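Okay, structure first, notes after.
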Amino acid sequence: MLKRSITILLTLILYAVALANQQTALEKKVDQKIRYTKQQLKEFEQLYKEALTMYKRGSYYTALNILARLTKDSHNPYYPQALFLTAKIYLHLGVKTGIKEFLQKALYYLNTYSYVADNPYTWEFYYTKGQIYENLFMYERALASYKMAFRMADTPKKQFETVIGILRTAAWQKKMDIITRYIILVNLEELSEKERKEFEFVKGLVEFQKGNYKEAMKLLIPVYKEYEQYLIENPNYYLILGETAYRVGDYQFAKQIFRRMISLVKDETVIRKALLRLGDIALKTGDRVLAFNYYYEVIKKYPNTPEATISKLKLIALERYEDIRKKLFLIGDKDYIDPLPFVLKTLVSNRNNYVGFFALGNFGYIALSSGSKKLFEKLLWELSLVNVSRMKYEHKEYIRDLWSPEIKKLDYKTGCKLFLANKKFFLEVFDKKTLKLFYRYLQLCGKLDEAMEVAKFMVERWKDDEGLLLLAEAYLDRKEYQKSLQVLKKVKHKGCRYYILLAKNQIFTGKVDRKLLSSILKVCKKISVERNVVLAYLYLQNGKPEKAVEYVNQIIDLFPDYYRINQLGRILLERLIYALFDKGMYKQALKILLPISEKLGGDCDINSWVVISAVRVGDGDTAERFYKKIENCNNQWSIIAKNVYQDFLVLKELKNE
């Protein structure tokens, strides 16, 4: 971001200088009338023709040397044309090499031309200006210039080139409405083979920007195979091809493209990015040592560049592997031995810019893996400052890969705090699996609105059954049963989770379908707390408490936690105890209640049920022990239990007499 700001500032300074020079040139043009001999005029003409020939051949530096002789004299008749041609040459050099100074010079010469030429504001002027701005990443200005050029396009060829420029800059800005408006103006039947490939690339770029990488690949591969020179001359376009292959997971082809790019293009920025991606590919394919070599090559060959800083951050992240840690230790750089100061300094210096997001990835990993409360609080604060809209694919990928394993290790309270520090950040950056984990964290810490937000986001983003089931569960947690049932109707694959949620909704609404029991037994084969609780409840509904006891006993170790946090657990246990008491099945009741009571401690209802059951089976010691636990209880069941126990003591004394 800083580099781009400097580029824009330099451009504005050069523009100001150009204005001053243009004014001087105009004054000289008006105030001084220099007469040239026929021989001199012929020499000027010859020089310009020679420069134009060199330009068409691609001998740009030779052409510039010739043009320099024409641009020194602002009074010769070829001065405006020489300025314009110089601007075009510097544009070509800037695009090919990536050197922004060339592009700034191109803009300077073009602006100077506009002040000295008799009729400068032509299609070619605006089209060239659009190209310069586009390659300076000043897309809004580029689009404005291309639109001006479009108004002046008086041939099908000019119209096509202008529309392609508009589509390209609109794609870079993800302005799909503009793309829709202008793409229909392209007449495929009138395009040459070269123009057709250009158009295919632009369509590929549009799909790339939409995130439709497979579609983008289909459009970009023919351009690569049949018109590679176009990509070589526009290295940033070549980078798009490699990046697309990387994002669809075709690492072998991506590796081929990035290696070829390094050998063919002149733009060092593109080369550095290609080396970084080669390191990422090596890491994705399990070759950490090769990844290390690529990252380290960027640092050694291109020091003091953004990519070198990013490479250093990526090497620091690899310290989690023992083999890489040893290599870094041998380098002797203190930043590898004690990385936190370097990571923090980089983060603070580059907050919310391209490099800074990588530093955030490193800091987050350190904070989450260290267990330090101080670092965790600092991470929460940093997250609150993040502008997610400025993050790119590579940032999200880097953070996701580093943080996801650590997020799985968090307790639910810490997970809630992390998510709530910046909800949009986590929704935009993390995958379905991690978002589902955050949903559970939020559910456990009682943040039902936020859990609902996660579920709705997942439905909108992935449009699958998994998201719908979470959304149905979120409505269920909020006791919005009808909405939950409406969502369940949209589920296509009706598996175990579907039937469990359907059963819970019906239980809470008091409208249980008797066919549900057989459906769940058929589909849900694996024992789980929720499955067994639902089955136990349905068996109770069917008048079979013995079967209910069987299913509860299968999960007796896990049931206390479920009872503590889930309303259905409490409803089931109460109804089960009623049914067992009603049938005189006190031994079965006691067998269930004792292990639950041991884990839950001071639950008045459960301890009261234990007292009653113990009295009924004649277990005086247990009855006495649990009676002491309910002495301070004053709910309905404790009153009943106390009376039962007192009656038991009276009868015991009578027997002893």
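We did not get these values from a lab; they are worked out from the coordinates using the rules stated. Note that the coordinates shown come from a computational prediction; the quantities given were computed from them, not determined experimentally. Neighbour counts are summed over all protein chains in view; Cβ atoms, including those assigned to glycine, are modelled from backbone coordinates with ideal geometry.
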message: I need to check one value: relative contact order of the chain, counting alpha carbon pairs closer than 8 Å and at least 6 residues apart, in percent.
response: 5
task: Any chance you could get the radius of gyration and Dmax over the Cα atoms of segment 67-224, in Å?
output: 16.9, 56
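If packing is taken as the average number of other Cβ atoms within 10 Å across a peptide's residues, how do 408-418, 215-225 rank, most packed first?
Going from most to least packed, we get 215-225, 408-418.
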message: How would Asp287, Asp431, Asp280 line up from fewest to most surrounding beta-carbon atoms within 10 angstrom?
response: Asp431, Asp287, Asp280
- prompt: Tell me, what ³J(HN,Hα) does each residue in segment 475-481 have, in order and in whole Hz, if you take phi through Karplus 6.51 cos²θ - 1.76 cosθ + 1.60 with θ = phi - 60° and put x for Gly and Pro?
  reply: 5, 4, 4, 8, 6, 9, 5
query: For the chain, with the dipole built from +1 on Lys and Arg beta-carbon atoms and -1 on Asp and Glu ones, taken about the Cα centre, which of Gly204, Leu188, Leu444 lies farthest toward the positive end?
result: Leu188
- prompt: Given a Förster distance of 25 angstrom, what is the FRET efficiency for Glu190 paired with Ala144, based on the Cβ-Cβ distance and rounded to 0.05?
  reply: 0.40
task: Would you work out the relative contact order for segment 191-293, in percent, from Cα pairs under 8 angstrom that are 6 or more residues apart?
output: 19
message: Which one, Tyr79, Pro120, Phe102, is farthest towards the positive end of the dipole of segment 44-127 when Lys and Arg carry +1 and Asp and Glu -1 on their Cβ?
response: Phe102
query: Looking at Leu368, Phe44, Asn352, which one has the Cα that reaches farthest to the positive end of the dipole of the chain (charges on Cβ: Lys, Arg +1; Asp, Glu -1)?
result: Phe44
statement: With a Förster distance of 30 angstrom and the Cβ-Cβ distance between Glu124 and His75, calculated FRET efficiency to the nearest 0.05 equals 0.80
- request: List, in order, the whole-Hz ³J(HN,Hα) value for each residue of segment 48-58 obtained from phi through the Karplus relation with A = 6.51, B = -1.76, C = 1.60 and θ = phi - 60°; use x for Gly and Pro.
  value: 5, 4, 5, 4, 5, 5, 4, 4, 5, 7, x
- prompt: On full extension of the chain, what length is gained from Asn387 through Glu598, given 0.36 nm per residue of separation minus the C-alpha to C-alpha distance?
  reply: 71.1 nm
query: For a paramagnetic label modelled at 7 Å from the Cα of Asn65 toward its Cβ, which residues of segment 86-111 fall within the zone defined by backbone nitrogen distances under 13 Å?
result: none
field: Between segment 336-378 and segment 187-219, the Cα center-to-center distance that results, in Å
entry: 40
query: Where the centre of each part is set by its Cα atoms, how far does segment 405-438 sit from segment 492-544, in angstrom?
result: 30
- line: With x for Gly and Pro, the residue-by-residue ³J(HN,Hα) of segment 633-650, computed from phi through the Karplus equation 6.51 cos²θ - 1.76 cosθ + 1.60 at θ = phi - 60° and given in whole Hz, is 7, 9, 9, 4, 5, 5, 5, 4, 4, 4, 5, 4, 5, 5, 4, 4, 5, 4
- request: Please compute the Cα-Cα pair-distance distribution of the chain with 20 Å bins starting at 0, giving whole percents from short to long.
  value: 14, 33, 27, 15, 8, 3, 0, 0
statement: Taking only the alpha carbons of segment 601-657, the radius of gyration and the largest Cα-Cα distance, Dmax, both in angstrom, are 10.8, 36
Unsatisfied cross-links (Cα-Cα over 21 Å) in the set Lys129/Lys197; Lys479/Lys544; Lys218/Lys492; Lys436/Lys456: Lys129/Lys197; Lys479/Lys544; Lys218/Lys492
